[in-house]
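Computed from the coordinates by the stated procedures, all read-outs in this text should not be read as laboratory data. What you see is a predicted model, and the numbers here were worked out from it, not measured in a lab. Backbone-built Cβ (ideal geometry, glycine too); neighbour counts: all protein chains shown.
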Amino acid sequence: MITAQAVELRIGARVLLHDASFRIAPGDRIGLVGRNGAGKTTLTKTLAGETQPTGGKIVRGNEIGYLPQDPRTGDLDVIAMDRVLSARGLDSVVRQMRETEGAMASLDVETHEAAMERYPRLEERFLAAGGYAAESEAETITSNLGLDDRILAQTLGTLSGGQRRRIELARILFSGVETLLLDEPTNHLDADSIIWLREYLRHYSGGLIVISHDNELLRAIANKVFHLDGNRGEIDQYNMGWDRYLEQRETDERRRRKERQIAEKTAGTLLAQAEKMRAKATKAVAAQNMIRRAEKMLSGLEGVRASDKVANLRFPKPAACGKTPLTASGLSKAYGSQEVFTGVDLAIDRGSRVVILGLNGAGKTTLLRILGGVEDADQGTVNPGHGLKIGYYAQEHETLDMDATVVENLRHAAPDLGDTEVRGVLGSFLFSGDDADKPTRVLSGGEKTRLALATLVVSSANVLLLDEPTNNLDPASRAEILGALSTYEGAVVMVTHDDGAVAALNPERVLLLPDGDEDLWNDSYAELVSLA
Ligand SMILES: Nc1ncnc2c1ncn2[C@@H]1O[C@H](COP(=O)(O)OP(=O)(O)OP(=O)(O)O)[C@@H](O)[C@H]1O
Ligand SMILES: [Mg+2]
């Protein structure tokens, strides 16, 4: 149980939220929605106790499982499975049991006997913490989240951001706490895992808040919806499931638009009246008051207008290049003894569109990283064609310099661009004057995605390598990006689970991993997208 009383969240001069009161009780499954940058992550972080609210009070009744939007940097030397088991204090005892089992097999009599003596004590501790049932519960959760034994045996430092997130998610689900705060839990999951998670959360008996832009997830699990309106700084609480919320919200927006029209009209009348009265000395004060009232009315409306704004995007003309700007042959990659893919050949023609399909762990991100020159293949070569300019969009925004400001990141991508142009591009990606000087690290998930895409846009790339480009985007921004993608003239190689993104791309070809088979696109592949 979490209770928020008159909570205020302020960042500098900006008030994200004021005077918000609500509760998360057992049985509450709350979908928290709102535009990118509205303050959803900031709010859940505060509910989790990682930061303090600037006003009001948050009372936490029990332990909380919090999944942050960015993979947490913690102790990177921990073995992944131990990290999961540590949620119930099982990690050290399981590790000691394994070691002791090894020692029991020792030929050295003393070692053997010491181990034989130690083992029952360890097993007792193990059973007290839930024992074999708990261990197998953890295994069920990890396997349903697409984490195989190979990954579970690695240390956290060797895992990708997406894999680390899945480990954290598994850990939280395994922990058995009564309240969950999940920030975009389906990012990085494949379709099977998403369906499993949906069912899991639907039957969850505790209370939970889930931030998501995934309608299907919200439809399946939410019995309440909180809409965080960053412009008004308010949470609208809807005590209903997703579909009814959508209808209700529509009605509310219509009412607000109407109120706005009325306010605008009233303000107009007031101003006209004041203008007439101003001439007369006796009425000058009254006229001043009228003007002030009208201005106040109008300034109250600004927020509503700003919320309707979305980026108006077009990807610019790509730089000229040869007929086949990018080819690769015989690419193979293995991690340790585990082969990811072998002998992948690929030719990307100018302006062509390719989708890469494959299950979690099939190597889609790895292949894009190799094509993007961020990682080396074990075997095979990537051959840049004439005039190739790659624009690589990384799933975890690793192409952005988190310590630089928004403007500096853009300048870095296009050093020749003038100041006005830079500000112009930022503006069309919805970064206002102040936002432009923010350090990139503090940006919200969706804002980071927008910035990363903006850096591609200015670089006049002619081959875009896009790894899940629609993750984190709110529906309006997603529609904008997909619109821009559908008219882009350069070549695109995309990895995505988002069938809308594939439809917008209108691909000609598909590359199937891990086999590396290529085929012409046809509709039967569309069904595979959300499965991949
Ligand atoms: N330390 C900071 N300094 C300046 N601005 C900040 C700071 N931390 C957060 N912000 C800003 O606060 C706003 C809210 O961010 P938050 O991450 O909570 O948004 P969000 O609703 O989770 O968005 P998304 O859907 O994109 O994840 C953003 O505009 C962000 O840039
Ligand atoms: Mg967020």
Is the stretch 205-363 best put as rounded, prolate or oblate by its Cα gyration tensor, with a ≥ b ≥ c the root eigenvalues, rounded for a/c under 1.5, and otherwise prolate when a/b is larger than b/c, oblate when not? oblate
Quick check for you: which residues of the stretch 132-150 have the amide N under 19 Å from the point 7 Å beyond the Cα of A105 toward its beta carbon? 150
Between the alpha-carbon centers of the stretch 1-35 and the stretch 356-375, tell me the distance in whole angstrom. 38 Å
Kirkwood Rh, angstrom, the stretch 317-464 [1 / mean 1/r, Cα pairs]: 16.7 Å
For the stretch 388-434, what is the convex hull volume of the alpha-carbon atoms per residue, in Å³? 100 Å³
Which entries in K57/K265; K45/K448; K40/K438; K333/K438 show an alpha-carbon gap greater than 29 Å? K57/K265; K333/K438
Counting helices only, and only those DSSP H runs with n ≥ 4, report the 222 nm mean residue ellipticity of the chain as the sum of -39,500 (n - 2.57) divided by its residues, in deg cm²/dmol to the nearest 500. -14000 deg cm²/dmol
Using r as the Cβ-Cβ distance of H112 and D401, and R0 as 51 Å, what FRET efficiency do you calculate, to the nearest 0.05? 0.40
Across the Cα atoms of the chain, what radius of gyration and what greatest pairwise Cα-Cα distance (Dmax) are found, in Å? 27.0, 109
Stick to the Cα atoms of the stretch 471-532, pair each with every other, and give me the Kirkwood hydrodynamic radius in Å at one decimal. 12.5 Å
Helix 475-487 versus the longest principal axis of the chain: what angle, 0 to 90°, nearest 10, using Cα atoms? 80 degrees
What is the fewest-to-most order of S486, S524 by other Cβ atoms lying within 10 Å of their Cβ? S524, S486
Extension length gain for H203 and E408 (0.36 nm per residue less Cα distance), in nm, is 69.2 nm
If you average the C-alpha positions of the stretch 112-156 and of the stretch 274-292 separately, how far apart do those two centres end up, in angstrom? 79 Å
With each label point set 7 Å from Cα along the Cα-Cβ vector, what nm distance links Q237 and T51? 2.3 nm
So, with points 7 Å from each Cα along the Cβ direction, the A6-R23 label distance in nm works out to 1.9 nm
